[in-house]
Amino acid sequence: MRYDNIKVAGALLFVGTVQFILGFVVAEVLFPNYNVSKNFISDLGVGPTSLIFNSSVILFGLSLVISAYFIQRAFDSRLISALFTLAGLGAMGVGFFPETTGMMHVISAFTAFSFGGLSAIVSYKIQKPPLSYFSVLLGVLSLVALTIYGSGTFLGLGKGGMERMIVYPTLLWAVGFGGHLNGYSMDKVKIKKT
């Protein structure tokens, strides 16, 4: 039944990520005078769009945590499963602890950002090229952007634009990886222990 676990993990990852991307975009559009360069992403979680943004990021995190369970069952990879779980808990924390809560929000966002990037990198173990290469590249881009952002450098993108350079690569990877898992067939299943 490892095959079924792969399909469930892929579906959860794909649907959870896509609904978050759509909720994110809707929140940006509906938030009055929101500026993607000047505003933090998490500003969407405390204003008039808080219900949309917070519920969508919580669902995204929950989909990561549940998919981690099915990835563990399918691939017997504790490392990948642990990274997914931590990224998911971080994302859920962003929704449960909006930016007005201070340090809990910062810890949650950092957890989601860092473990999301690491998840993308380590997932190469259960993918085939070229997707495995793209996953590593997107994870590295996310972590490099996080480091640059943490130094207070925004590369002319503004704080919101630079923050998106952390988040977008991971979201793109998650959609691609979810689709990849959904595309597995029994004769192509690649089981690896890490």
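The values are calculated or read from the model by the stated rules, or taken from the named source; none is laboratory data. What you see is a predicted model, and the numbers here were worked out from it, not measured in a lab. Quick reminder, even Gly has a Cβ in these numbers, built from the backbone with ideal geometry, and neighbours come from all protein chains shown.
In the stretch 158-176 there is no residue matching the filter, namely being without any contact (Cβ under 8 Å) to a residue 12 or more places away in the chain and in contact with a Lys or Arg (Cβ under 9 Å, 6 or more places away or on another chain).
For the stretch 33-45, the set of residues classified as surrounded by fewer than 17 Cβ atoms within 10 Å (Cβ to Cβ) and either at positive phi or among the β-branched types (Val, Ile, Thr) (or both) consists of Asn33, Val36, listed by residue number.
Scanning the stretch 76-105 for residues that are without any contact (Cβ under 8 Å) to a residue 24 or more places away in the chain and more than 18 Å from Phe60 (Cα to Cα) yields Thr101, Gly102, Met103, Met104. Is it the case, given these coordinates, that Gly152 is in a loop (DSSP other than H, G, I, E, B) and over 14 Å from the mean Cα position of the chain (by Cα)? When the stated conditions are applied, Gly152 passes them. Surrounded by 15 or more Cβ atoms within 10 Å (Cβ to Cβ), at pLDDT 95 or above and touching a Pro at 6+ places or on another chain (Cβ under 8 Å), is that true of Leu141? Yes: the conditions hold for Leu141. Among the residues making up the stretch 77-125, those that are under 25 Å from Ala27 (Cβ atoms), among the β-branched types (Val, Ile, Thr) and surrounded by fewer than 21 Cβ atoms within 10 Å (Cβ to Cβ) are Thr100, Thr101, Val106, Ile107, Thr111. For Gly116, the conditions (1) closer than 15 Å to Tyr168 by Cβ; (2) at pLDDT below 95 all hold with the exception of (2).
Wholly within the stretch 33-144, which helices (runs of 4 or more DSSP H) include no fewer than the required count, namely at least 1 residues that are charged (D, E, K, R)?
Working: elements: 50-75, 78-96, 103-122.
Output list reads 50-75, 78-96.
Across the stretch 146-189, the qualifying residues are those that are among the charged types (D, E, K, R) and over 17 Å from Pro130 (Cβ atoms), and the one among them that is modelled with the lowest pLDDT is Asp187.
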